[in-house]
Amino acid sequence: MRDGVTRQVRAAFVAAVVVVLTIVGGVAACSTDLVGGGAADRLAAAPEGAPQPGGDLSVLVAGEVATWDPQLMYVGPEAFFAERTFVRTLTAYGTGADQRTLVGDLATSAGTPSDGGRTWTFTLRDGITWEDGSPVTCADIRHGVARTFDRTTHIAGTNYASFLLDVPTAVTAEGLEKPVYSGPGDKADQAAFDKALVCKGRTIVFHLREPEPDFAHIVALPEFAPRKASADTKDAKATFSVMSTGPYKLAKPWVVGKGGTFVRNGAWDPASDPIRKAYPDTITVTSGLDEPTIIQRLLNDKDQDAYAVSWVQASPTLRNQAGSMLQARLTFPYTGNVDYLALNMRSKVMSNPKVREAFALATNRATYVAANGGEGAGSPSWSILGPAISSVGTDPGKAGKVAGDPQAARALLQSSGLRLPVKVRVVHAQSVLADKAYAALAAGWERAGFDIELVPVQPEEYYKTIEKATSVNAYDVFRGVWTPDYPSAGAVIPALFDARINVDSSGPGQDAGYFGDAAVERLIDQADATADEAARGRIWEQADALIRERGGYVALCATKALHVHGGSVRHYEEHAVGGIVDLATVSVR
């Protein structure tokens, strides 16, 4: 059960989660290919023959790399780049057809749970070393995790360890319950931390506050990467220093605004690595570029840019304009982001179940995604839960037809007991495309008998606005976007729809629509206590269906992005979990 200390600590984490605030750079697209998962779109037309080692791969990065410190990395392209090249974690995701398969990376397996999922045990592989040849130890894992408890330096990155590990807590001056342990410099509470993360030779044991069946996924995050204590320094440049456990290491210090070159790490033993093939001899990363320049260089395909990749998104119109040669260099992967609408369960109008159902039924998602350059719809859990959930958008009784049904919605609205038109205030993050998309949605809602007031808010202020306590009386419908930190519905449903870890006197947290339902909460607790992954998935499906049935959200779309790569890049494949080209398997020969 999420109550008492555990719920408060987790609530503090959920409130700090960073979510995507804008429709992806104005070039997002959506897809109806939900059941297939977009595998065909992830794969370019790969040349014949096996990949060969050698050559120089170029990576073009828009803007600056924030950090190469694994404990400071948040989930995203740079973190995935690091994890496929120089950062290894206890577990990692496979390649090719096994992209969603979790395997032991630094560890010999994906871990062994006990005590109902409150204890997880991992064993380090033999032959794992740092780039200087020294062994990677349990103490290095422990030090890396310990760094995430230091709130003076851990100002970015994920912080699952601080609310999952069974470390004593205390109430802060702000009224939040947080761990008493404050990182490697906290000698007074070190023993308490060491009891939660136990080292016994090559064996690592994590003791958790409560069962966490997804813990093997969570330790695949960079937060749980090893760190040498000797690498800690107050030098500002240290955030870009690299001490590699993977197949590549930095040849020279990273240059902010320019980048750096990763070369082969001679201390890396390929026999110890079940994932990374490390085909290129070097990977040259050029940072500080602007997005249009990167796209143009990739389109021109000249000189070293013919061997280049990037995670910058191109305009989806290229799919219609490109000739066959360019089409072979275009990929259209899912981003992992899902757009949805959270209905305010406490507002005067949306507290009426018939109004919520009519609103969902009137939602024309076809016009929404057309305004954003794509096609289709999906739910916040679609890519995780699979076909049972990915059919959302075709059930007119629950989520509404993809094209909407304003006539049926009007009939339902008339039976709600409210006088038409029913005024509804819809708040969303402002952008050129978003304004157009919500105007298209409003037209469909108004045909059904709603009087729509659209409230655009600047993206940088959006989540601050809707998570205020006053939002409950200010808006009836909230725009939401969610990207799970790891591929499990456990990273979606509780974070968005469990009022126990979200809603309090300060506001709704991530549960923007103030959704709270005892039956859903029981399913969440049941899923948390279910060790079997398939059985747990079925419970999550039930929870997702029940949330939709009760009008907790209206699905809009699962977004896709268009990427371009150089014509001489071989065996190009985007990763379903990482969302960008898989540096573990790509080659240039």
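The values are calculated or read from the model by the stated rules, or taken from the named source; none is laboratory data. A quick note: this is a predicted structure, and the numbers were derived from the prediction, not measured. Reconstructed Cβ throughout: ideal geometry from the backbone, glycine too, with neighbour counts over all protein chains shown.
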**Complete:** In region 241-260, anything touching a residue at least 60 places away in the same chain (Cβ under 8 Å) and in a loop (DSSP other than H, G, I, E, B) is listed as S241, V242, M243, S244, T245, G246, P247, W254, V256, G257
**Message:** For the condition under 30 Å from L102 (Cα atoms) and in contact with a strand residue (DSSP E or B) (Cβ under 9 Å, 6 or more places away or on another chain), what is the one hit in L454, L496?
**Reply:** L496
**Message:** Being assigned to a loop (DSSP other than H, G, I, E, B), in contact (Cβ under 8 Å) with a residue 40 or more places away in the chain and of a type in the set (K, R): is that true of R84 here?
**Reply:** no
**Prompt:** Given region 289-330, what helices (runs of 4 or more DSSP H) lie entirely inside it while holding 2 or more residues that are aliphatic (A, V, I, L, M) and over 24 Å from P53 (Cβ atoms)?
**Reply:** 291-300, 324-327
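Among the listed residues V581, V577, V554, V503, which satisfies the condition of being at pLDDT below 95 and buried (at least 24 other Cβ atoms within 10 Å of the Cβ)?
Only one candidate passes the filter, namely V554.
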**Request:** Considering every residue within region 514-537, establish whether at least one is modelled with pLDDT of 90 or more, in contact with a Phe, Trp or Tyr (Cβ under 7 Å, 6 or more places away or on another chain), farther than 30 Å from D273 by Cα and aliphatic (A, V, I, L, M).
**Result:** yes
**Fill in**
The correct count of residues that are within 26 Å of P213 (Cα to Cα), surrounded by fewer than 18 Cβ atoms within 10 Å (Cβ to Cβ) and modelled with pLDDT of 95 or more in region 120-162 is 2
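In region 401-417, how many residues are among the aliphatic types (A, V, I, L, M) and modelled with pLDDT under 95?
To start, the set of residues in region 401-417 that are among the aliphatic types (A, V, I, L, M) comprises 402-403, 408-409, 411-413.
Now narrow it down to the ones that are modelled with pLDDT under 95: 402-403.
Selection size over region 401-417: 2.
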**Message:** Against the conditions (1) at pLDDT 95 or above; (2) surrounded by fewer than 23 Cβ atoms within 10 Å (Cβ to Cβ), where does E64 fall short? Just the number, please.
**Reply:** (1)
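Matching residues to (1) of a type in the set (D, E, K, R); (2) within 19 Å of the chain's Cα centre (by Cα):
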site	(1), (2)
S505	no, no
G537	no, yes
A543	no, no
R548	yes, no
**Prompt:** Hey, G260 hits all of (1) under 20 Å from A66 (Cβ atoms); (2) out of contact with any Pro (no Cβ under 9 Å at 6 or more places or on another chain) but one; which does it fall short on?
**Reply:** (2)
**Request:** Only helices (runs of 4 or more DSSP H) wholly contained in region 432-546 count here; list those with 2 or more residues that are closer than 21 Å to H217 by Cβ.
**Result:** 493-497, 518-528
